[in-house]
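*Asks:* One structure, as structure tokens, below. Some questions next.
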Amino acid sequence: MALLSNLGNYRNLGLLIIRVGLGIMFIYHGYPKLMGGPKEWTELGGSMKYVGIHFLPVAWGFLAAATELLGGFLLIIGLAFRPVCILMLINLIVAALMHFGSGGNLGDAAHAIEDAIVFAGLIFIGPGKYSVDKK
């Protein structure tokens, strides 16, 4: 298709769209978790039991919520891009394991798995030139 053949020239624009879209959605989901306070953080951090970690659920929950909120912002501007992608990937792996561990099926964990796959790929691709990291 000749019409679509030149879209490869806009790779950096595509990466910007992905970064901004994912960043906004993670801010949207992370903000209420972070503002939920210790009760919310304990519940969220309790998901770490599915990877064998049973201590300090409040701290793990706070870190997960902060990763979503701050990670979303850093994704948008493209700062510390690869470390943020790694943290988001870890966060999403734990989320998927929580879905499976609490009796859910693939459909329940699908969103976390899909986002984890995107972040795994973005680790290798980088943020593009429209970012603070400019790689």
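The values are calculated or read from the model by the stated rules, or taken from the named source; none is laboratory data. All of these numbers come straight from a predicted model, not from anything done at the bench. Note that we place each Cβ from the backbone using ideal geometry, even for glycine, and neighbour counts take in every protein chain shown. Ligands, DNA and RNA are stripped out before the accessible areas are found, and what is left, the full protein with its side chains, is counted by its heavy atoms. Shrake-Rupley method; radii C 1.70, N 1.55, O 1.52, S 1.80 Å.
*Asks:* Just one of ALA80, ALA109 is open to solvent by less than 30 Å² (accessible area, probe 1.4 Å) and farther than 18 Å from ILE17 by Cβ; which is it? Walk me through how you get there before you give the answer.
*Replies:* Numbers: ALA80 fails: open to solvent by less than 30 Å² (accessible area, probe 1.4 Å).
On inspection, the qualifying residue turns out to be ALA109.
*Asks:* Another question, if that's okay. Got a number for residues in the range 43-56 being open to solvent by 60 Å² or more (accessible area, probe 1.4 Å), free of Cβ contacts under 8 Å to residues at least 40 places away in the same chain and at negative phi? Write out each step before concluding.
*Replies:* The first filter runs over the range 43-56 and keeps only residues open to solvent by 60 Å² or more (accessible area, probe 1.4 Å), leaving 43, 49-51, 54-56.
Retained after the next criterion (residues that are free of Cβ contacts under 8 Å to residues at least 40 places away in the same chain): 43, 54-56.
So of that shortlist, the ones also at negative phi come out as 43, 54-55.
Counting residues in the range 43-56 that are open to solvent by 60 Å² or more (accessible area, probe 1.4 Å), free of Cβ contacts under 8 Å to residues at least 40 places away in the same chain and at negative phi gives 3.
*Asks:* Scan (1) within 30 Å of HIS54 (Cβ to Cβ); (2) more than 11 Å from the chain's Cα centre (by Cα); (3) open to solvent by less than 30 Å² (accessible area, probe 1.4 Å) for the single condition MET88 breaks and write down its number.
*Replies:* (2)
*Asks:* Name every residue in the range 9-32 that is of a type in the set (Phe, Trp, Tyr) and either under 10 Å from GLY128 (Cβ atoms) or over 12 Å from the mean Cα position of the chain (by Cα) (or both), in order of residue number.
*Replies:* Going through the range 9-32, the residues of a type in the set (Phe, Trp, Tyr) turn out to be 10, 26, 28, 31.
Passing the criteria: TYR10, TYR31.
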